[in-house]
Amino acid sequence: MMTETYTQLRLDCGAEFAALPMPGRRTATYEIRVLAGMAHEPESLGGLARIVEETITKGTEQRSAQELTDAFDALGANVGSGVGRESMVFRCSCLPEYVDHALGLHAEMLRTPSFPQEYCEVALDLAQQELTSLEDDPGELARRLISPFAYGARLGRHELGTRESLARIQRDEIVGYWRDNFASARLQIVVGGAIDVHKVASRVDQLFSAFGGSDGRQAPLTPDFSPGRRHHAKELEQQHILICWPGVPMTHADHPVERIMLGVLGEGMSSRLFAEVREKQGLVYWVGAWDEHPRTSGRVFLGASTTPARCDQTYKTLLREVDRLAEDLTVEEVERTKIGIIAKTQTHGDITRARVGELGSDLFFYGRPVPVAEKNARLAAVTVADVRRYLNDHPRDPLCVQTLGPRALEDAA
Amino acid sequence: MVSMQSRFVDHTLKNGLRLVIEIMPHVQSAAAGFLVRTGARDEEPRLAGVSHFLEHMCFKGTPKRNWHQITIDFDNMGSTYNAYTSKERTFYFGWVRVEDLEKQVELLADMMRSTIPPEEFDMEKKVILEEIAMSADQIDRCVYDLLHERLYAGHPLAWPVLGTTESIARLTRDELHGYFLERYHPANMVLIFAGNVDPDDTIRMAERICGDWEARAARPGRAAPPRLTPGAHSRVVSRFKQQAIALCYPAPSAVDPDREAADVLAAILGGHNSRFFWNIIQEGTAPHVAAGRLDYCDAAMMIAFGFCEPDRADELLAAMRSEMKKIADDGVTDDEVQRVKNRTRTGLTTEAEAPYYRLMQLVQDIDALHRPRDVAERLAAIDAVTPAAIKAYMQKWPITGEGCLTSLGPRHWPENAVSTGL
């Protein structure tokens, strides 16, 4: 693997900046992360952050909505955005010669949005319709249902809000959220690929100078956790099961251990859940184990969908497999999981935007670029004993369980 | 700037197994996969779903490995691997570090000699029945299956890739094994590579691993489907909350030279920054509306589709028809075409970065066109499209008139539609 040379700067404008030049690449990617997300919405205005993310693209003081979109298209820029619990990310991949221009358009969009009244109304109307669409997406609906219990009311908000909260949002609230949260001191900007680092850093500094207030720091948000078993009745062919318990933050010394534990459980077809729940018992088509991370905390999830008559057996088998890890985990399983994660850093590392996405995640969680070699070394050091200790230190009980479908779980242990 | 030109090596082993290798010296990984030229449209009705079932069974046992060893060997390489089955093909693939390529190919090749282990058959049947149940909860999958069922009625393209609960329940292991013996041999397969590989070493490797496979006759030819006939079909599924609408017109197939004009038109009509986006979605009519082309080796359809509140189905259909009429009457602008070209250039340059992306494109080109295309050739084909070419396209392949309308959701809609039960 080639040596990576990162640059990290606190720019004069107040934004955090990190870059990874990748010689030989044919594209460049950047991400602008605004440190404001769903958790920063006023309590009664759920869905506001996503409406801001949507409507901020609908024109600036200089350009109409379509002119702005056309300007990105003139560069062939592949742009996108997303809203999370604690941040909002605006992404762009383009040919290297267009990075400066694309950054200029993004700065114009973030600094001088016009939030046209008609587009604000349409965004709110479409969000109401998206709530109807959500009813036809059982996987996402199950995640929405478990989130307030897995994370608490504030970090567990869903991006679409509710029909009632959306009805309370007006253009003034949209503009207010932008004014309160968008400032260079709350920006993290990462860039990678075929770039001249110092030129891009200078350009970013200039574009975001004197943007917004100086209050960039926000207190870390602590999630709540409400264990219990809950069911949402719905006519479906399959029953969806989600199981959650607290894990460790990304920065915790045990995070690599948690990753290995989850890999043994759910990564690859040789993983325990895939082998036991699907291959040996034929209970499911889909089963998985994964972690999710607010900035300073973590949650572990197991999930599966199965026909209702097999729901109880699936639930028991999922938990049994977690318990069995502490009893008979093997060195081979741990080593295989390490190889899987480390090898994918090389194969997927061929994709510029994947590497830049990881860099953005590093800045958000760790406050610095973390070289791939450093992450891989931490994973490589994990032993069977570490996983057993982790399971002892972070027991799965009490659980937060959500089912969605025709029937509730029986009295499964 | 690194050139977008690629170097291909095309070689056929003595037993008829074709190899296509794209050499990508600028990457640190390699991807490989076996294309098997058989899919749902190549099945007899009593075996509906057998191609997809077989794809699952190839992961279940070989002369050298049981199912658990297959998965362990994939994961011991850290491979990004999987397989898929479509109407026209089955594809097995893995993406690994360059040094693991030979092990990856050996494993995939071993799976192509599957024993279809009888003791695993009934268990895997349960998994597939779960997959069918999962698909039945997804409105987009349901409308996709419905429009094929109605628009290609009586032709194998109408059959669902997964089969049905009934066809899978009655399928036997011997029937599946017989289908496997007929289709999984060199004349019906292509081994495709993309990555930082040496072509001579790769050919020698393939010869060593696959050179003793028995040559047999290719699968039977395919009959072209009838041209789409206008009409409306509706299926009521009361558990869905949205109404799905698909309006289809005949379009150029995967091998037709008009395909690029069709794709640029579809992007202008219903892609990113499109007319549907600004004039339908951003008018608040529906949150999800798009256009695209679904193509096969001898047929295709241009589809305008959307998901809306059930009581707004008339409004959505009228809006889609209005935009399609406007574009048919007035054509497209130079700016609209140029924007699609600009986005395509970036997309293709990104694709050229990763062997995995290239492999997924190569399998389509080799299956349909029987030859690989590099990103430069594909970009040139899009660059050649002009507003005049799109105008000419719409005269040859109209996107106005009654069309074939398919609707699925809680309403029987439109009222004059033929009602189709589950």
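The values are calculated or read from the model by the stated rules, or taken from the named source; none is laboratory data. Because the structure is a prediction, the values reported are computed rather than measured. Backbone-built Cβ (ideal geometry, glycine too); neighbour counts: all protein chains shown. For accessibility, only protein heavy atoms count, side chains too; no ligands or nucleic acids. Shrake-Rupley method; radii C 1.70, N 1.55, O 1.52, S 1.80 Å.
Among the residues making up the range A:299-328, those that are under 20 Å from the mean Cα position of the chain (by Cα) and more than 14 Å from chain B (Cβ to nearest Cβ) are A:R299, A:V300, A:F301, A:L302.
Evaluate the following for A:T60: is it within 11 Å of chain B (Cβ to nearest Cβ) and either hydroxyl-bearing (S, T, Y) or under 23 Å from A:S209 (Cβ atoms) (or both)? Considered against the rule, which asks whether it is within 11 Å of chain B (Cβ to nearest Cβ) and either hydroxyl-bearing (S, T, Y) or under 23 Å from A:S209 (Cβ atoms) (or both), A:T60 comes out as no. Restricting the first member to the range A:280-298 and to residues that are within 14 Å of another protein chain (Cβ to nearest Cβ), and the second to residues that are open to solvent by 10 Å² or more (accessible area, probe 1.4 Å) and among the aromatic types (F, W, Y), the beta-carbon pairs closer than 7 Å and six or more apart or on different chains are A:V287/A:F274.
Among the residues in the range A:232-240, are any surrounded by fewer than 22 Cβ atoms within 10 Å (Cβ to Cβ), within 13 Å of chain B (Cβ to nearest Cβ), outside any loop (DSSP other than H, G, I, E, B) and more than 21 Å from the chain's Cα centre (by Cα)? Yes. Within the range A:134-174, the residues that satisfy the criterion of being closer than 19 Å to A:E54 by Cα and either among the basic types (K, R) or modelled with pLDDT under 95 (or both) are A:R157, A:R163, A:R168, A:R171.
The single condition among (1) closer than 30 Å to A:C400 by Cβ; (2) of a type in the set (G, A, S); (3) facing chain B (nearest Cβ under 9 Å); (4) touching a residue at least 24 places away in the same chain (Cβ under 8 Å) that A:S133 does not satisfy is (4). Are any residues in the range B:307-353 more than 23 Å from the chain's Cα centre (by Cα), more than 9 Å from every other protein chain (Cβ to nearest Cβ) and under 24 Å from A:R26 (Cβ atoms), and if so, which ones? Answer for the range B:307-353, where residues must be more than 23 Å from the chain's Cα centre (by Cα), more than 9 Å from every other protein chain (Cβ to nearest Cβ) and under 24 Å from A:R26 (Cβ atoms): just B:V337.
Residues are listed down the side, and each one gets a yes or a no for (1) open to solvent by 10 Å² or more (accessible area, probe 1.4 Å); (2) among the charged types (D, E, K, R); (3) under 17 Å from B:A354 (Cβ atoms); (4) away from chain A (no Cβ under 12 Å):
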| residue | (1), (2), (3), (4) |
| --- | --- |
| B:V9 | yes, no, no, yes |
| B:F34 | no, no, no, yes |
| B:G39 | no, no, no, yes |
| B:F53 | no, no, no, yes |
| B:K60 | no, yes, no, no |
| B:P63 | yes, no, no, yes |
| B:N82 | yes, no, yes, no |
| B:E88 | yes, yes, no, yes |
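Scanning the range B:223-249 for residues that are crowded, with 19+ Cβ neighbours inside 10 Å, assigned to a strand (DSSP E or B) and not hydrophobic (A, V, I, L, M, F, W, C) returns B:H233, B:S234, B:R235, B:Q243, B:Y249. Of the residues making up the range B:124-153, those that are at the interface with chain A (Cβ under 9 Å from one of its Cβ atoms) and among the β-branched types (V, I, T) are B:V127, B:I128, B:I132, B:I139. For the range B:157-169, taking the residues that are in contact (Cβ under 8 Å) with a residue 40 or more places away in the chain and surrounded by fewer than 19 Cβ atoms within 10 Å (Cβ to Cβ), the one that is nearest to B:F121 (Cα to Cα) is identified as B:A169. The sole residue among B:T71, B:T62 that is of a type in the set (S, T, N, Q) and in contact (Cβ under 8 Å) with a residue 24 or more places away in the chain is B:T62. For the range A:159-186, the set of residues classified as touching a helix residue (DSSP H, G or I) at 6+ places or on another chain (Cβ under 9 Å), within 16 Å of A:F211 (Cβ to Cβ) and either open to solvent by 70 Å² or more (accessible area, probe 1.4 Å) or not in a helix (DSSP H, G or I) (or both) consists of A:D180, A:F182, listed by residue number. Answer yes or no: is there a residue in the range B:348-357 that is assigned to a helix (DSSP H, G or I), within 30 Å of B:I245 (Cα to Cα) and at pLDDT 95 or above. No, because not a single residue in the range B:348-357 is assigned to a helix (DSSP H, G or I), within 30 Å of B:I245 (Cα to Cα) and at pLDDT 95 or above. A single entry from A:G213, A:G192 fulfils the requirement of being of a type outside the set (F, W, Y) and either surrounded by fewer than 16 Cβ atoms within 10 Å (Cβ to Cβ) or at pLDDT below 95 (or both): A:G213. Entry remark, the range B:286-307: residues being crowded, with 23+ Cβ neighbours inside 10 Å, without any contact (Cβ under 8 Å) to a residue 40 or more places away in the chain and in a strand (DSSP E or B) number 2 in total. The set of residues in the range A:145-158 being assigned to a helix (DSSP H, G or I), open to solvent by 20 Å² or more (accessible area, probe 1.4 Å) and either among the aliphatic types (A, V, I, L, M) or in contact with a helix residue (DSSP H, G or I) (Cβ under 7 Å, 6 or more places away or on another chain) (or both) consists of A:L145, A:A153, A:R154.
Across the range A:258-270, the qualifying residues are those that are crowded, with 23+ Cβ neighbours inside 10 Å and over 20 Å from A:N376 (Cβ atoms), and the one among them that is farthest from the other protein chains (Cβ to nearest Cβ) is A:L265. Applying the condition of being open to solvent by 20 Å² or more (accessible area, probe 1.4 Å) and either at the interface with chain A (Cβ under 10 Å from one of its Cβ atoms) or free of Cβ contacts under 8 Å to residues at least 60 places away in the same chain (or both) to the range B:361-372 and asking which residue is nearest to B:G33 (Cα to Cα) yields B:Q361. Pairs meeting the criteria (first residue in the range A:1-12 and away from every other protein chain (no Cβ under 14 Å) and more than 18 Å from A:F364 (Cβ to Cβ), second residue surrounded by 13 or more Cβ atoms within 10 Å (Cβ to Cβ) and modelled with pLDDT of 95 or more, beta carbons under 9 Å, at least 6 apart or on different chains) are A:T5/A:L20; A:T5/A:P21; A:T5/A:V197; A:D12/A:D205; A:D12/A:S209. Checked against the criterion of being open to solvent by less than 30 Å² (accessible area, probe 1.4 Å), aliphatic (A, V, I, L, M) and either modelled with pLDDT of 95 or more or farther than 28 Å from A:A127 by Cα (or both), the candidates B:A389, B:A384, B:A319, B:A380 yield just one match: B:A319.
Taken as a whole, the range B:210-217 holds at least one residue that is within 21 Å of B:C58 (Cβ to Cβ) and buried (at least 20 other Cβ atoms within 10 Å of the Cβ).
Just one of the numbered conditions (1) open to solvent by less than 50 Å² (accessible area, probe 1.4 Å); (2) outside the structural domain of A:C311 (by TED's automatic domain parsing); (3) of a type in the set (K, R) is not true of A:R203: (1).
Filtering the range B:220-258 to residues that are closer than 26 Å to B:D42 by Cα, modelled with pLDDT of 95 or more and among the hydroxyl-bearing types (S, T, Y) leaves B:Y249, B:S253.
Quick one: how many residues across the range B:280-294 are over 29 Å from the mean Cα position of the chain (by Cα) and either closer than 19 Å to B:D140 by Cα or not assigned by TED's automatic domain parsing to the domain that holds B:A266 (or both)?
Matching residues across the range B:280-294 total 1.
Restricting the search to the range B:395-422, which residues are surrounded by fewer than 20 Cβ atoms within 10 Å (Cβ to Cβ) and either of a type in the set (A, V, I, L, M, F, W, C) or without any contact (Cβ under 8 Å) to a residue 60 or more places away in the chain (or both)? Across the range B:395-422, the qualifying residues are B:Q395, B:W397, B:E415, B:A417, B:V418, B:L422.
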